[in-house]
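Quick note: the coordinates plus some simple rules give every number you see, no bench work behind them. A quick note: this is a predicted structure, and the numbers were derived from the prediction, not measured. For neighbour counting, all protein chains shown are included, and Cβ atoms are generated from backbone atoms with ideal geometry for every residue, glycine included.
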Amino acid sequence: PVVIQRADYRPPAWLVPDIALDFLLDLSATQVTATLDVERNPAGDGGPLRLNGDGLVAQSVAVDGEPHSAWRMEGDDLVVDLPGEAHQVTIETTIDPTANTQLSGLYASGGLLCTQCEAEGFRRITFFPDRPDVLSRYTVTLTADKAAFPVLLSNGNPMDSGEEEDGTHWAIWHDPWPKPSYLFALVAGDLVATRGTFTTMSGREVELAIWVRAGDETRTGHAMRALIASMAWDEKVYGREYDLDLFNIVAVSDFNAGAMENKGLNIFNTRYILADPETATDGDYDGVEGVVAHEYFHNWSGNRVTCRDWFQLSLKEGFTVLRDQQFSADMGSAPVKRIEDVRVLRSAQFPEDSGPLAHPIRPNSYQEISNFYTATVYNKGAEVIRMMTVLAGSERFRAGTDLYFERHDGEAATCEDFVKAIEDGAGLDLAQFRRWYEQAGTPQVDVAMTHDAASGSVTLAFKQTVPPTPGQPVKQPMVIPLRTALFDRASGAHGGEHLIVLNEAAQTFTFDGFAQAPVLSLNRGFSAPVAINAPQSVDDLVFLAAHDDDAFARYEAMQQLVVQHLVAAVEDRLDDAARAAGRAAIAGALGAILADPALDDLMRGELVMLPGEAYLAEQLNPVDPARVHAEREALKAWLGTELGDAWRALHDRCSAVPYGLDAAARGARKLKTQALVYLAAADPAQTALRAKAQYDAADNMTDRQGALMVLCGLDGPQREAALADFHARFADNRLVIDKWFSLQAGSLHPKALDHVRALAQHPDFTLTNPNRVRALYMAFAANPQAFHAADGAGYALIADLILALDPINGNVAARFVAPLGRWRRIEPQRAALMRAALERIAAAPRLSRDVREQVSKSLE
Ligand code: B3K
Ligand code: ZN
C-alpha cells in the first residue's frame, strides 16, 4: 500500500491564485470546465504542475487558450510540464453524479445535486492540486434546467444570474476569500429557505438562509436560533466576526458525515438541522445546536486559517470541537455538558487509544485520510487544547488565540504554528506539552496518598505511564494538569483548589495542615484526558458523590463507585458479603442523589447513569463482554428493586412536568426514562405497562423514544403495538424511521441479533443511505450483548455488512471495522471469532483503500 508520511511534506510546485469553474449541471452527465490561473511557487521545487484526479478523464487540456498536448497521466493525476512562471490552464471533464454512491465529490441526493469535497472529493469533480495548502479565489458559474434545479448555490456571494430560452438558467457566485479546494461546494435543486439576519459587531448585515425540501421548513427554527447564537458567541468569546454578506446552510438526506463547513455554504446532514418537539429528542436538539455552531466556528478555525496538510487535521478539528463544547456549555448547563463530553471521550476515544488503530492527535502516516476523522483527532484534540486553557487561564488563552488568528489569517498552518502562538500569546512554555501531539495512548496516572498525623502533612505520590501503541513502544512523560481538592471529612469543605502539574514519571506533592487524612478529589472537571488509578475507599467515594462542589467530580465519584464494584464482580473477587456491601453502598449513594433537593434534574440524570459497558470493558484486559453485561444488568435490576418506590415516585413526578425546552422540563424527561430503565430491569411486566403509558401519553419525541427504547428490550404486546404505531405515525419522516431501526438494533432484547437480520430485509432499509446504515448497524455494533454473541454471529453480520457496503461507500464501510478490531482485548474465544471475521474481509479480492487500511491494521 502507498503510505503518506507527515515527514515527506513538500510545498506545491505551482499555486492557483484564481480558478473559474463552469458547471453544466445534469443528474447523470455534468460537464465541468475549470480554468486555473497558475503561478510557479517560489517555495516549490520547480517541478511540473500536478493536478490530482480520481477516476476522471480529461476531454481537453488547453494552456493559455491553445490546445495543449504536453501532459500525461500518472495514475489518476494529470501532470503538465510548464515553462516559465504563470499560465492559464483550462480542462474539461464530464462526471456522473448519479453513479456516485460514495457521496464524495458531486453526487445526487433525491433529485438534488450537491458536493462533499473534504478531504479529497474535489479531485472527483475536476483535475486540481487537491491539497489544503493551495488557496484560490473561486468564481463559479452554474447552469441547469430551471424546472428541475430552481435553486443554484455556491460559495461566497451571488454576482449575477439569468435565464435562457431553452429552459435553463444560470447563476454566478464569487468567493473573495482564498480557500483550499476541500471547502468548495455547490448545491442545485428544488429547495425552500428559512431566512434570518445577523448584524455583526462592526455593524454589517448578514443574510442567513437554511435551505431544505418543501415541507421541512417548519423544522428549521432551532437551527436558525443556534446559528445566530453561534455568530454572537464567537464575536464575544473569541473576537471572530463573520466575513461575507451571506451565510447559507443546506440540509441533505444522503451525507457521509454530520455536516461540512464549506465557505459560506455549509452542507448538513438533515439530522443536524431538522428538529421539532414531535420528531426530535432533547439529544437531537443539542446535536443540532452543537453541529451548527461547530460548522459556523470553522469559518475562522479551519477556513480563514486552514491546514497545511491533512496531518494537521486536529488544528482545525480539535480546536473547533473545543469551541463548540464551550459554546454549548454557555448555552445550557456547563457541568452537564462537561460530563457528556467526557462520556463520549471515554466510550469512543479511550477504546481507540487502547486498540490497533491508536494514533497521535497529529498522526505521522496514513493510507487513506478519511480514516483519520476520528475521536482522537476531534475529541482528544479538543481535550489537549482544553488543557492549554487550564494552564493559561481563559484570559491568557484568549491572548494566544488572538495571536494565532492574527499571525496565520489567510494561511495554511500547522499544529506547531498553533502551539507556538499560544505559547507566545499566553506566555506559556509548552516545550514538553508538545508530546500530546506526538504520543498516542491514554496516560495512566497512579496516585497514593499518605497522611502523617504528627505533622499534619499529606503527601500525594504520582506515577504516570503512557502505554505502548502501534509504532510507539516507548513513551516519555507528559504534562498533566490535575485540578485537585482535599476535603476535610468533618466540615465537608476544602480549602481551595490546587493545580498539580505532573511532568515526570514519578513525583510527590505535599500539603500541610491536615489533622486527619482528607478526602482526595482529583482531576476535577476532567482537567486532563487521562485514566486515574486512585484506590479510594467506598466511604470516600460516597462522600464525594454526595458533597463534592465540582459537579464533574461528583459524577466521577458515583461512576467510580460502580466501576470498582462491577470490575470486582466481573473478576470474581466478591464473596456474598462483599457483593451485598458493595450494592448497599451504591444504593445508598443513589438514593441520596434521588432525594437531594439541591440538585437540578438534568444533573441528577447524569449522576444516576450507570457507567457504560464500553468504558467498563476498558478497565478489564482481556474482557469477557458477556460477564460485564450480565453483572451490569444484574446490578441495574437489583437497584430497580431496591429503590423501586423511589423510581416510581420519580417517574410519576417527572411525568407531571409539561413539555418545554427549559432545563427543568428537559431534566424531567431525562429522568423519566432513566427511571423506566431501572424499573424495566427489575419488573419487566409492570414496567411494560408503565412504558406503554408513557409512549401513549407522549407529546414529544424524547418521551416517545425513551418509552419505545425500554419497550424494545422487553417482550410482549406493548412492544409490538408501540413499534407498529411508531412506524405508521412517522412513515414519511426518514430521520424518525432511522430511530425505529436504531432502537431495535440497540435493544436489550435477547433476540436483537435476529431482529437486525430481519430489519436488513425491511423495505425501508437501504445500503445507499449512510444514516440508515448507521441507524441499523452502528446501533447493533454498539449493542454489546448482541454484537458479542458467543457464536460469533454478530461479528459475521458486521463483516457481511462491510463487504456488501464497501463497493457502494468505502468511507462509511470503513467505520465498521473498529468494533471488530478490538479483539486483542477480548477473551480468547471471541477474539478468535473476531479475527476470523477480519480475515474474511481481508481476503476479499477488491477492497477500498479505506477498508483495506483499517482491516490490515486491525490484524497486525
Ligand atoms: N470537516 C467535516 C468533516 C468532513 C469529513 C470528511 N471525511 C465536518 C466537520 O468536522 O466539521
Ligand atoms: Zn469540524
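Taking the Cα centre of the chain as origin and assigning +1 to Lys and Arg Cβ atoms and -1 to Asp and Glu Cβ atoms, the resulting dipole is close to 2160 debye. Bridgeable lysines around Lys739 (alpha carbons under 29 Å apart, same-chain partners fewer than 8 residues away excluded): Lys337, Lys380, Lys636, Lys670, Lys672, Lys692, Lys751. Compactness of region 444-534, taken as the C-alpha radius of gyration over 2.2 N^0.38 Å, stands at 1.19. The Kirkwood radius of region 730-860, taken over pairs of alpha-carbon atoms, gives through the Stokes-Einstein law at 25 °C and 0.890 mPa s a diffusion coefficient of 166 µm² s⁻¹.
Shown for the chain are the DSSP H helices of 20 Å or more along their axis, judged by Cα atoms, with a mean Kyte-Doolittle hydropathy of at least -0.5: 221-238, 282-297, 313-331, 551-570, 576-595, 663-682, 828-842. Between Ala329 and Ser69, the C-beta separation translates, for a Förster distance of 51 Å, into a calculated FRET efficiency of about 0.30. Based on the Stokes-Einstein relation at 37 °C and a viscosity of 0.692 mPa s, and on the Kirkwood radius from alpha carbon pairs, region 571-670 is assigned a translational diffusion coefficient of 214 µm²/s. In the chain, the DSSP-assigned H stretches of four residues or longer account for a calculated mean residue ellipticity at 222 nm of -12000 deg cm²/dmol, using -39500 (n - 2.57) per stretch and the full residue count as denominator. Compactness of region 771-810, taken as the C-alpha radius of gyration over 2.2 N^0.38 Å, stands at 1.16. Our Cα-only numbers for region 285-357 put the radius of gyration and Dmax at 13.6, 37 Å.
About its Cα centre, region 741-818 has a charge dipole of approximately 160 debye under the convention of +1 per Lys or Arg Cβ and -1 per Asp or Glu Cβ, with nothing else charged. Rg over Rh for region 417-496 works out to 1.11, both radii taken from alpha-carbon positions and Rh defined as the Kirkwood radius.
For region 790-834, the extents of the C-alpha atoms along the principal axes are 33, 18, 10 Å, listed from largest to smallest. Quick one: if the Förster radius is 56 Å, what FRET efficiency do Thr199 and Glu497 give, using the C-beta to C-beta distance and rounding to 0.05? Calculated value: 0.90.
Looking at region 667-775, the pairs of alpha carbons with a distance over 20 Å make up 37% of the total.
When Thr199, Thr141 are arranged by Cβ crowding within 10 Å, least crowded first, meaning fewest neighbours, the order is Thr199, Thr141.
Rg and Dmax over the alpha-carbon atoms of the chain stand at 27.7, 96 Å. Kindly state, to the nearest 0.05, the FRET efficiency for Thr218 paired with Ala693, given R0 = 22 Å and r defined as their beta-carbon distance. The value I calculate is 0.15.
When the Cα convex hull of region 306-438 is projected onto planes of every orientation, the mean area is 8.2 nm². The convex hull of the Cα atoms of region 625-704, projected and averaged over all directions, covers 5.7 nm².
Across every direction, the projection of the convex hull enclosing the Cα atoms of region 784-860 has a mean area of 4.5 nm². The fraction of all Cα pairs in region 186-283 landing in successive 5 Å bins from 0 to the largest distance is 3, 13, 23, 24, 19, 12, 6, 1, given as whole percents. Within a straight-line Cα-Cα reach of under 15 Å, Lys463 can be paired with the following aspartates and glutamates, leaving aside sequence neighbours fewer than 8 residues apart in one chain: Asp446, Glu504. In region 4-190, inverting the average of 1/r over every pair of distinct C-alpha atoms gives 16.9 Å as the Kirkwood radius.
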